[in-house]
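The values are calculated or read from the model by the stated rules, or taken from the named source; none is laboratory data. These figures come from a predicted structure and were not determined experimentally. Glycine gets a Cβ as well: all are built from the backbone with ideal geometry, and neighbour counts include every protein chain shown. For the accessible areas, the whole protein counts, side chains as well, though only heavy atoms, and no ligand, DNA or RNA atoms are used. Shrake-Rupley method; radii C 1.70, N 1.55, O 1.52, S 1.80 Å.
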Amino acid sequence: MKFLIIYSKPICYNSLEFFTDTMAEALRNLGHTVDSLTSFDKPERFIPYFDKEYDRIIDFNSNLPLMKMDDGSPVLSHLKGRFYNYLLEHPLHHHKVLSVTNVEQNVICIDRKHVEYVRTYYPHICEVIFLPVGSMPGDPKKIKPIRGRNIAVFFPGTYTSTNWATAKMAVMPPELKQELIWLYEKMRDDYTLELPDALKQYAQEQMHLTIPDDEMAEYVHRHFLADTFICAYVRDRVIRALLEAHIPVTVCGGGWQEFDDPNNQYLIILPAKDYEAALEMTYDAKILLNVMPHFKDGMHDRVLTAMSHGAVCVTDATDYIRENFTDDRDLILYDLQHLSELPRVIAEYLEDENQLQKIAEAAGYAVSNNFTWEKLLTESELCRE
């Protein structure tokens, strides 16, 4: 098969560039032909590819369905091949793109509930498939034993202050503000809820109506800040719980200078680094902490990153993770509903480096056998004629 892999925007610490490169390499390893295009959302960069034919055209978090040439024609109307938008976050954050109907779209999601969401609320999307991001390749020569690692707990990711959320709400229309607060509090009290389900509850309990399926995507998008708020709140709460227990946490990403806590002496803030540099730091981490960005049936790339780089992943669970991994064997799971237990669990594991080593080794085996890009792509509909 012939693929065109697009790197369209330099965001998320250049993680998209790393994802496109590693995916393209895996496809070539599987015997496929791959062209790579760095577009940076500039329509003219697509012109040399208009006369070529592809089986699949893939872009991560793409705006391509919105892009037009100087004559007003959609860029996608000139490309010959089936286009897939690979979404790395909840589809609600891509409502404008997913609402486009004048070009053919297909979608890849990294959470099975996201697949269901797109199929239900964007019925014009031709195909929606589930495909986790493959593990980022680790170098066996750089993988050190747990005892030889210097970072106790490592969290690579951005910090968004809950004060930012409060400030955003302060300037909103009163009705929308009231709705967002209700949704936020509902999801805060029940972490199993996603925004669409919380919105349905709000409509039934507060408005005494049922939102039609053909209007739900617009409703959810209008309230997208509730999802942003709860993700920021959960991440903030997890880190504070560890610091309160005097567990040192090393963080790497934007925004952490705004983090304010009485136990900040246990927070080690490193300058924001690009994605590849953060991967290098994982070789020196005993534990890589993951906080799901409100995924319920998928997996963030941090989980596999830890495993492929010899660290132990500590993460909140999803249905998909429970199906594919075992607590205390491949990783360590915690429950957001019982967050007070997390500091004790991490402290006990840090005292038992032999068990951490066993988990790291089992995880490395699991990821190398089942979660490489090559393995996931081979089993995916994406690589079927």
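Inspect region 124-143 for any residue being more than 15 Å from Leu382 (Cα to Cα), among the β-branched types (Val, Ile, Thr) and under 19 Å from the mean Cα position of the chain (by Cα) and give the result as yes or no.
Scanning region 124-143 turns up no residue that is more than 15 Å from Leu382 (Cα to Cα), among the β-branched types (Val, Ile, Thr) and under 19 Å from the mean Cα position of the chain (by Cα).
Mind counting the residues in region 316-330 that are closer than 19 Å to Val238 by Cβ and touching a helix residue (DSSP H, G or I) at 6+ places or on another chain (Cβ under 6 Å)?
1
Could you tell me whether any residue of region 353-371 is within 21 Å of the chain's Cα centre (by Cα) and open to solvent by 60 Å² or more (accessible area, probe 1.4 Å)?
Checked region 353-371: at least one residue is within 21 Å of the chain's Cα centre (by Cα) and open to solvent by 60 Å² or more (accessible area, probe 1.4 Å).
Condition (residue is touching a Gly at 6+ places or on another chain (Cβ under 7 Å) and either surrounded by 17 or more Cβ atoms within 10 Å (Cβ to Cβ) or at pLDDT 95 or above (or both)) applied to region 87-106: is it met by at least one residue?
no
Which number in (1) in contact with a Leu (Cβ under 9 Å, 6 or more places away or on another chain); (2) surrounded by fewer than 20 Cβ atoms within 10 Å (Cβ to Cβ) marks the one condition that Tyr334 misses?
Only one criterion in (1) in contact with a Leu (Cβ under 9 Å, 6 or more places away or on another chain); (2) surrounded by fewer than 20 Cβ atoms within 10 Å (Cβ to Cβ) is unmet by Tyr334, namely (2).
Just to be sure I understand the filter: pairs with C-beta atoms under 7 Å, separated by 6 or more residues or on different chains, first member in region 191-219 and within 25 Å of Arg235 (Cβ to Cβ) and of a type in the set (S, T, N, Q), second member open to solvent by 70 Å² or more (accessible area, probe 1.4 Å) and part of a helix (DSSP H, G or I). Which pairs pass?
Once the first residue is within 25 Å of Arg235 (Cβ to Cβ) and of a type in the set (S, T, N, Q) and sits in region 191-219, no partner that is open to solvent by 70 Å² or more (accessible area, probe 1.4 Å) and part of a helix (DSSP H, G or I) comes close enough.
Mind checking which pairs have a first residue in region 363-384 that is at positive phi and a second that is at pLDDT below 95, Cβ under 6 Å, 6 or more apart or different chains?
Going by the 6 Å Cβ cut-off, there are no qualifying pairs.
Does Lys375 count as open to solvent by 20 Å² or more (accessible area, probe 1.4 Å), closer than 30 Å to Ile129 by Cβ and either in contact with a Pro (Cβ under 8 Å, 6 or more places away or on another chain) or at pLDDT 95 or above (or both)?
yes
Tell me the helices (runs of 4 or more DSSP H) entirely within region 184-300 that contain at least 1 residues that are modelled with pLDDT of 90 or more, open to solvent by 30 Å² or more (accessible area, probe 1.4 Å) and touching a helix residue (DSSP H, G or I) at 6+ places or on another chain (Cβ under 7 Å).
Because the criterion is at least 1 residues that are modelled with pLDDT of 90 or more, open to solvent by 30 Å² or more (accessible area, probe 1.4 Å) and touching a helix residue (DSSP H, G or I) at 6+ places or on another chain (Cβ under 7 Å), the helices (runs of 4 or more DSSP H) in region 184-300 that meet it are 195-202, 213-222, 224-244.
Tell me, please, whether a residue that is under 30 Å from Ala245 (Cβ atoms), buried (at least 18 other Cβ atoms within 10 Å of the Cβ) and touching a helix residue (DSSP H, G or I) at 6+ places or on another chain (Cβ under 8 Å) can be found in region 144-151.
Yes, the conditions are met somewhere in region 144-151.
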